Ligand SMILES: NC(=O)c1ccc[n+]([C@@H]2O[C@H](COP(=O)([O-])OP(=O)(O)OC[C@H]3O[C@@H](n4cnc5c(N)ncnc54)[C@H](OP(=O)(O)O)[C@@H]3O)[C@@H](O)[C@H]2O)c1
């Protein structure tokens, strides 16, 4: 399908969106906000034409034509006009089955869902390859930070030896508050919840499960090793005390929740735990809700990528970057 902007004919790319929650709404909003420049960069006019969502009437601060909503995912998978499906439901199921249905229907998939990817990485990537379509997931690790594109494209001339990441904004915010305000874990968690940086049930974040999903995806991409999240030794931050924060300071360090992976002569090592970093380590200055990843490559040396690892618009930036890349290269 084609439309025109100015004097130029532009192809039209129709998108099906699964989930109009926090990130789905941010993605819809960002696509509207930057419509003109996105069309220019994609070489196509992108439109979300169908949305799978249970709650049509929820106040979202955006106008969405009610005719776009459906409660039946088949309306999206069987629509021949839809070539890209964005999955923003969250959770392992039914998100994985829905992504497989979209890929098997010949549609490209873009997702931010680290839980589904970490659990079903091979199944999803193999289904994409078998159907000759892409599955892209920049937003699944590091939110708005373009680290997956960097690892899988710009840095592919390197053998990687080490990856260290601050990959969860909630826990980084809590540890920062404990350090700067001398707050207890409980007080810092309450503040994170009041500021919208922690969920009402923060278990997945504070116990490190969210970081384990992200490190599992990184191990596949950086070292080509599949390790499921529950096989990654993980300690969250619930046991961190004010005394430990003070002890770190006394030693010229800061305490951060670090996802770590490195290779030596004995093989690949990986774990997640609260870690003391010297004040002069590049990750030591990554505070509050910010995320960063520090990578060693045998050609590039040390490299660090820093930015907002969560939130509707930063995450939408990564989701739409993937969509634009597919529209430009594959459609
Ligand atoms: N939040 C962030 O900053 C962030 C950052 C990076 C990546 N992500 C990832 O992005 C994804 C979406 O996160 P989110 O924060 O946007 O979650 P969310 O606010 O809970 O949004 C999910 C939406 O999908 C709807 N939904 C779920 N299952 C459905 C089904 N079977 N049929 C129809 N609608 C369904 C939910 O409706 P109900 O609420 O009615 O169930 C909700 O509106 C997750 O995979 C998350 O890990 C989030």
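For segment 78-178, relative contact order (Cα pairs under 8 Å, six or more residues apart, normalised by length) works out to 21 percent. Restricting the calculation to Cα atoms, the chain yields a radius of gyration followed by a Dmax of 20.5, 66 Å.
Under the simplified labelling scheme, the residue 273-residue 228 pair shows an inter-label distance of 2.4 nm, with each label point 7 Å from Cα along Cα→Cβ.
Among DSSP beta bridges lying fully in the chain, give the percent that are antiparallel, nearest 5.
Values: 34 of 56 bridges.
Roughly 60 percent of the beta bridges in the chain run antiparallel, per DSSP.
Using the Cβ-Cβ distance between residue 238 and residue 22 with R0 set to 30 Å, the FRET efficiency works out to roughly 0.80. Could you state the angle between the C-alpha long axis of helix 95-104 and the longest principal axis of the C-alpha atoms of the chain, as a value from 0 to 90 degrees rounded to the nearest 10? Around 40 degrees separate the two axes. For helix 209-223, report the angle its Cα long axis makes with the longest principal axis of the Cα atoms of the chain; keep it between 0 and 90° and round to the nearest 10°. With rounding to tens, the tilt is 80 degrees. As a rough guide to protection, the peptides 129-137, 31-39 ranked by mean Cβ packing within 10 Å, highest first, stand as 129-137, 31-39.
If we sort 193-202, 173-182, 101-110 on the protection proxy, mean other Cβ atoms within 10 Å, highest first, what's the order?
By packing density, highest mean first, the sequence is 101-110, 173-182, 193-202.
Would you calculate a helix-derived [θ] at 222 nm for the chain, using -39,500 (n - 2.57) for each DSSP H run of n ≥ 4 and dividing by the full residue count, to the nearest 500? The per-residue figure over the chain is -11000 deg cm²/dmol. Can you tell me the relative contact order of the chain? Whole percent, Cα pairs under 8 Å, sequence separation 6 or more. Reported as a whole number, the value is 21 percent. The alpha carbon convex hull volume per residue for segment 1-144 rounds to 115 Å³.
Tell me the relative contact order for segment 177-285 as a rounded percent, counting alpha carbon contacts under 8 Å between residues six or more apart. Please report the intermediate quantities before stating the final value.
On the way: 139 pairs, mean separation 25.5, N = 109.
Relative CO of segment 177-285 lands at 23 percent.
Comparing 307, 165, 144, which has the greatest mean-square fluctuation in the GNM of the chain with Cα pairs linked when under 10 Å apart? In this elastic network of the chain, the residue with the biggest mean-square fluctuation among 307, 165, 144 is 307. Using the Cβ-Cβ distance between residue 195 and residue 157 with R0 = 35 Å, the FRET efficiency computed as 1/(1 + (r/R0)^6) comes to roughly 0.30. Kindly express, to the nearest 10 degrees and within the range 0 to 90, the angle between helix 22-33's C-alpha long axis and the longest C-alpha principal axis of the chain. Between helix and principal axis, roughly 60 degrees.
Each reported figure results from applying straightforward, stated rules to the coordinates on display, with no laboratory input. It should be emphasised that the depicted structure is a prediction, and the values quoted were computed from it without experimental measurement. Every residue, glycine as well, gets a Cβ built from its backbone with ideal geometry; the counts of neighbours run over all protein chains shown.
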